[in-house]
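Heads up, the thing below is written out as structure tokens.
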Amino acid sequence: MMNVGFVEELADKLRREIGKVIVGRDDVVDKLLISLLVGGHVLLEGVPGIAKTYLAKSFALSLNLKFKRIQLTPDLLPTDIIGVKVFNQKTLDFEFRPGPIFTNILLADEINRTPPRTQSALLEAMQERQVTVDGETYRLPEPFMVIATQNPVETEGVYPLPEAQLDRFLFRLILQYPSKSEEVEVLRKKRVKGEVIDVEPITNAKELELAKNTIQRIKVSDDVLEYIVDLVRATREHPAVLLGGSTRAEVMLLYAARAYAAISEGRDYVIPDDVKAVFFDVMNHRIILRPEFVISSYSREPLWSYNAIRKVLDHVVSKVKAPK
């Protein structure tokens, strides 16, 4: 019998460790771990000052993984990320100098501030797990995950990610302000620790690889597979949707639900509730709403466009019958 319990224990330890420095983000921590274990990437969206960078670094340190951060700017070139070949006068030959993408956890800060050419270089590496420079291919380390951030309230000097590139992210996680009690707790922690990230590694590369292999063997019935397809197909048929989820969305939903079953309850099989638990975060960046629906939603809820998307996706879940 497959032992899935240790994956649940790993998630519990990770929540507790990151909880030493980050308040009220257990769900985000779970989704970051899910993404890492299934080979995905995460887009963190939220206003400045809510600890997106702090969270990403704490996540990497807690898992004993190498971490690098890139501040994406309009003048950043693809070679600034992936690396470049330079001429070595001693050997009289060109040698490759790896860029910051050669790490385990890469934080791409403000991804929508860099132009499409640089975005494409980053997202190609996300998909292929390799980079090519002057005809030579270089494999990226394992595990490898990109955590990209963007500010939803900025409109000037930004280059929004095209839908095809957004589709490369497993999750788009939308971070809102903490509650009042959580903000008070943040100040208590800062009063003692300041900006020090006081976390300890709770695992190692061997255990992470075992967790990844375990998740790949989690059972998914044909009924649940059909339910996943029905949900995604329903997004294409919804009257408020201009462009619905693709086949890749179905695959990503399968992977995420399988990992969620392991880390949430230590189960070695997927149930419909696992699919529902990850549905919004997998799908919210993969559909495009009709303009008239977004405008009417803004008139009632002038927050962010994801309010309108949430209404549509919640409606899809309520209408599609789940298997028993």
Answer yes or no: is there a residue in the stretch 1-11 that is touching a helix residue (DSSP H, G or I) at 6+ places or on another chain (Cβ under 9 Å), over 18 Å from T149 (Cα atoms) and of a type in the set (F, W, Y). yes
It is to be established whether one or more residues within the stretch 17-25 are touching a residue at least 12 places away in the same chain (Cβ under 8 Å), under 16 Å from T149 (Cβ atoms) and under 19 Å from the mean Cα position of the chain (by Cα). yes
Meets criteria (polar (S, T, N, Q), surrounded by 16 or more Cβ atoms within 10 Å (Cβ to Cβ) and on the phi < 0 side of the Ramachandran plot) for Q165: yes
What are the residues in the stretch 255-279 that are under 11 Å from I218 (Cα atoms) and either part of a helix (DSSP H, G or I) or among the charged types (D, E, K, R) (or both), if any? Y255, A257, R258, A259, Y260, A261, A262, R267, D268
From T137, T118, grab the single residue that is in the same structural domain as K20 (by TED's automatic domain parsing), crowded, with 19+ Cβ neighbours inside 10 Å and hydroxyl-bearing (S, T, Y). T118
Would you check if T214 is among the polar types (S, T, N, Q) and either under 30 Å from R290 (Cβ atoms) or free of Cβ contacts under 8 Å to residues at least 12 places away in the same chain (or both)? no
E200 versus (1) exposed (fewer than 11 other Cβ atoms within 10 Å of the Cβ); (2) in contact with a Leu (Cβ under 7 Å, 6 or more places away or on another chain): which is the lone unmet condition? (2)
Of all residues in the stretch 229-246, which are buried (at least 18 other Cβ atoms within 10 Å of the Cβ), assigned to a helix (DSSP H, G or I) and not hydroxyl-bearing (S, T, Y)? L231, V232, A234
Lone qualifier among I81, I101 - being over 22 Å from L210 (Cα atoms), at pLDDT 90 or above and touching a Leu at 6+ places or on another chain (Cβ under 6 Å): I81
Within the stretch 121-134, considering residues that are surrounded by 15 or more Cβ atoms within 10 Å (Cβ to Cβ) and out of contact with any helix residue (DSSP H, G or I) (no Cβ under 8 Å at 6 or more places or on another chain), the one nearest to P74 (Cα to Cα): E124
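The values are calculated or read from the model by the stated rules, or taken from the named source; none is laboratory data. Here the structure is a predicted model, which means the values were calculated and not measured. Cβ atoms come from the backbone with ideal geometry, glycine included; neighbour counts cover every protein chain shown.
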